[in-house]
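Colleague: Here it is, the structure in full.
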Amino acid sequence: MDASRPNVLLQARRMRPWEPLLWLLAFAAPAALPSHALIINEIAIVALFAISLDLILGYTGIVSLGHAAFFGMGGYAAALFAKHVMPDPLVGLAVGIAAATVLGAVASFTVMRGTDLTRLMVTLGVGLIMLELANKLDWLTGGADGLQGVVMGPVLGRFEFDLFGRTAAWYSMSVLLVLFLLARRVVQSPFGATLKAIRDNRLRAMAIGIPVTAKLAQVYTLAAALAGAAGALLTQTTGFASLDLFEFHRSADVMLILVIGGVGWLYGGVVGAIGFKLLQDLISAVTPQYWTFWIGLFLVVLVLVGRERLIRPWTWFGGRKA
């Protein structure tokens, strides 16, 4: 083995010089742009959700259309805990993560066998089952009316959630930063290297002794935990949980976010979330009825032109070199 390999892994885990500045600007945004604090909060939550999907899609090669199941489980668990037990946000966040982790561990058995199409349909089925359960258990979840009356206490006992959303934005970004660092440590570790080996060639990974089944279960459970954290943040910062948390569009939107930002790159989830939410906000303000059309058109252009060429329009009409 190359003796320099451990040093390469250690260097990869370190933040690059521009990263602290980027995060400082992000944390300063709610104070600098107080009127946009609510959308900043949404971007942080959606970015965390996208990062959770990227762990299984970009780094392991598992396509999922039911990732909203874990998002909704975390959201409902945190909301129910706040309403019936105690309103502390951090404890509620831990409860939401724990609930989504358990569901992820159980659901991980569905992705261990079969082809990509099989996994796609099975994961979609898990999401639909959770949606129907939340609808039928209206005595617990509120059904179609949603879970109302969720009141959150102050963060760390000091920082009250305000109507402008600044506390919510800082709270969500803090959780995003912590879990982002955790996810990066995972993907840049030997465990992350085995995930990439499974993604590239599962049969070859099995042939060299990688316990593929166990690795898939572990990363799927971890991704579910991060998705549950995102769902918990949403219900805590909005004070409301509804069936919309489990809806198919949640899983579809987060897939589109990764298409915009790029898979197999954790910052792709952050970049994609910023691009998607800003596009949604700007276009819906201009054409409220047809904003999905324009986002769809943008995605078509993005796929045809390519992400790198899209940001360099002068290369669109140039001939390709052989």
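Colleague: Is it fair to say LEU304 is in a helix (DSSP H, G or I) and either touching a Lys or Arg at 6+ places or on another chain (Cβ under 9 Å) or touching a residue at least 60 places away in the same chain (Cβ under 8 Å) (or both)?
Modeller: So LEU304 does not fit the description; no.
Colleague: Going by the structure shown, is LEU128 free of Cβ contacts under 8 Å to residues at least 60 places away in the same chain, closer than 16 Å to GLY66 by Cα and either open to solvent by 80 Å² or more (accessible area, probe 1.4 Å) or not basic (Lys, Arg) (or both)?
Modeller: no
Colleague: Yes or no: LEU90 in a helix (DSSP H, G or I), out of contact with any Gly (no Cβ under 6 Å at 6 or more places or on another chain) and either without any contact (Cβ under 8 Å) to a residue 24 or more places away in the chain or surrounded by 23 or more Cβ atoms within 10 Å (Cβ to Cβ) (or both)?
Modeller: no
Colleague: Shifting gears a bit: For the range 106-118, indicate whether the set of residues that are acidic (Asp, Glu) and without any contact (Cβ under 8 Å) to a residue 60 or more places away in the chain is non-empty.
Modeller: yes
Colleague: Continuing with this model, one more query. Just give me the residues in the range 295-305 being under 17 Å from ILE274 (Cβ atoms) and open to solvent by 80 Å² or more (accessible area, probe 1.4 Å), in sequence order.
Modeller: Scanning the range 295-305 gives no hits.
Colleague: OK, next. Kindly evaluate ALA69 against the criterion of being modelled with pLDDT of 85 or more, surrounded by fewer than 22 Cβ atoms within 10 Å (Cβ to Cβ), assigned to a helix (DSSP H, G or I) and among the small types (Gly, Ala, Ser).
Modeller: The answer is no for ALA69.
Colleague: Moving to a separate point now. Identify all residues within the range 189-240 that are touching a Leu at 6+ places or on another chain (Cβ under 6 Å) and open to solvent by 30 Å² or more (accessible area, probe 1.4 Å); write none if there are none.
Modeller: Once the filter is applied, which keeps residues that are touching a Leu at 6+ places or on another chain (Cβ under 6 Å) and open to solvent by 30 Å² or more (accessible area, probe 1.4 Å), the range 189-240 yields nothing.
The values are calculated or read from the model by the stated rules, or taken from the named source; none is laboratory data. In this text, all values refer to a predicted model and were calculated from it rather than measured experimentally. With ideal geometry, Cβ positions are generated from the backbone for all residues, glycine too; neighbour counts draw on all protein chains shown. Heads up: the accessible areas ignore ligands, DNA and RNA and are worked out on the full protein's heavy atoms, side chains in. Shrake-Rupley method; radii C 1.70, N 1.55, O 1.52, S 1.80 Å.
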